[in-house]
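Trainee: After the structure tokens below, expect a handful of questions from me.
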């Protein structure tokens, strides 16, 4: 109980500090002589982080009132009923920040906000009442269709009928896959929010190098919201993201990854960069899916979406003897270590991209061996 109280006080101090920083940044943007773009970025970060810091306590009370709680037991690690509508506060932070600055003139932003909001509310409905896997999958595919109709899709295949059709299919598979992969990883305090913050930071750095305003604005909005939410989500969490939050983050990050024109004359490099940026959820999804298919636990798309178990990356690292906080920090640094390699691809040719992807594969082979060891230790205890 002493540890819990100390951690909770640490989270509260972090949130108050972030509020002060946000207000100082807003004053700086108003009073200092900065460019319009710099001022917009400052306002976005301050608005998103402050919105999350202010609204999350209200959402915690609301979730408790309507009974939207994650109960202890089963595959859960927490010991007290915990609200699970945290995605609402991150969504509010992102929406408020972008409405203040860029929604009216950034191309494709309205489609992104509409579709990611759809993901949030379907997931939140699942948190409160439950939604079938078929309905969730249908909504995810429909949202991808809206994005494609608005011109948001991958663009590395030839401009032929089969190339365009292939790009549409790859876009749907990519976004649906990443959305569910990040949802699968949401099983330990602070993990998905921390990964979202780290990936948003990498998107922001790339946006500066590419001079991509939409990516810069969206990444800063998500960065501020994710960092603020960590003050409530670090162990022991006062609130969880829930399916709504993890689905929103997954969909938003996946869509941002296909917005970047990473390399105009190097289509393979353009293909590799988003893979490296989102390699942690991709790896975890592939590893657990193969393991579940081999064991007969998963045999259809429906069972793939619905199946829950203690066989994800964070579970295996915990079984190796790491604490929960150490597991979260380790995976977040793994995400940064592999993801930052994507930045060097901007100046690399195709074979440079291949080399970096092979490097990432070697890293994940080592992680897979560690996961296997963790599984063996868990089986030995049983």
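Trainee: Filter segment 134-149 down to residues that are under 18 Å from residue 303 (Cβ atoms) and crowded, with 19+ Cβ neighbours inside 10 Å, then give me how many there are.
Mentor: 2
Trainee: So, in segment 294-314, how many residues would count as being over 24 Å from residue 331 (Cα atoms) and assigned to a loop (DSSP other than H, G, I, E, B)?
Mentor: Adding up the residues that qualify gives 5.
Trainee: On to the next question. Determine if segment 31-44 includes at least one residue that is under 30 Å from residue 314 (Cβ atoms) and at pLDDT 90 or above. Show your work before the answer.
Mentor: Filtering segment 31-44 down to residues under 30 Å from residue 314 (Cβ atoms) leaves none.
For segment 31-44, residues under 30 Å from residue 314 (Cβ atoms) and at pLDDT 90 or above: absent.
Trainee: If you check 249, 277, which single one turns out to be modelled with pLDDT of 80 or more and within 30 Å of residue 80 (Cα to Cα)? Steps first, answer last, please.
Mentor: Values: 277 fails: within 30 Å of residue 80 (Cα to Cα).
Checking each option against the conditions leaves just 249.
Trainee: Anything in segment 166-191 that is farther than 26 Å from residue 133 by Cβ and either free of Cβ contacts under 8 Å to residues at least 40 places away in the same chain or surrounded by fewer than 18 Cβ atoms within 10 Å (Cβ to Cβ) (or both)? List them, or say none.
Mentor: In the first step, residues of segment 166-191 are kept if they are farther than 26 Å from residue 133 by Cβ; the result is 166-167, 190.
Correct list: 166, 167.
Trainee: Next question. Give all pairs with beta carbons closer than 7 Å in which a residue from segment 7-22 that is on the phi > 0 side of the Ramachandran plot and surrounded by fewer than 17 Cβ atoms within 10 Å (Cβ to Cβ) meets a residue that is in a helix (DSSP H, G or I) and at pLDDT 80 or above; count only pairs at least 6 apart in sequence or on separate chains.
Mentor: Listed by first residue and then by second, the contacts come to nothing, as the list is empty.
Trainee: Determine whether segment 155-163 contains at least one residue that is more than 19 Å from the chain's Cα centre (by Cα) and either under 30 Å from residue 45 (Cβ atoms) or buried (at least 21 other Cβ atoms within 10 Å of the Cβ) (or both).
Mentor: So the first thing to find is which residues in segment 155-163 are more than 19 Å from the chain's Cα centre (by Cα), and the list is 155-163.
Pick out the ones that are also either under 30 Å from residue 45 (Cβ atoms) or buried (at least 21 other Cβ atoms within 10 Å of the Cβ) (or both) and you get 155.
Yes, segment 155-163 contains at least one residue that is more than 19 Å from the chain's Cα centre (by Cα) and either under 30 Å from residue 45 (Cβ atoms) or buried (at least 21 other Cβ atoms within 10 Å of the Cβ) (or both).
Trainee: Here's something else I'd like to know. Which of (1) modelled with pLDDT under 75; (2) under 28 Å from residue 207 (Cβ atoms) does residue 378 not meet, given it meets every other one?
Mentor: Going through the list (1) modelled with pLDDT under 75; (2) under 28 Å from residue 207 (Cβ atoms), residue 378 breaks only (2).
Trainee: On to the next question. For segment 177-194, enumerate the residues that are under 11 Å from residue 314 (Cβ atoms) and either at pLDDT 90 or above or not in a helix (DSSP H, G or I) (or both). Talk me through it step by step, then tell me what you get.
Mentor: Going residue by residue through segment 177-194, those that are under 11 Å from residue 314 (Cβ atoms) are 184-192.
186, 187, 188, 189, 190, 191, 192, listed by residue number.
The values are calculated or read from the model by the stated rules, or taken from the named source; none is laboratory data. Just so it is clear, the model here is predicted, and its values are computed rather than measured. Quick reminder, even Gly has a Cβ in these numbers, built from the backbone with ideal geometry, and neighbours come from all protein chains shown.
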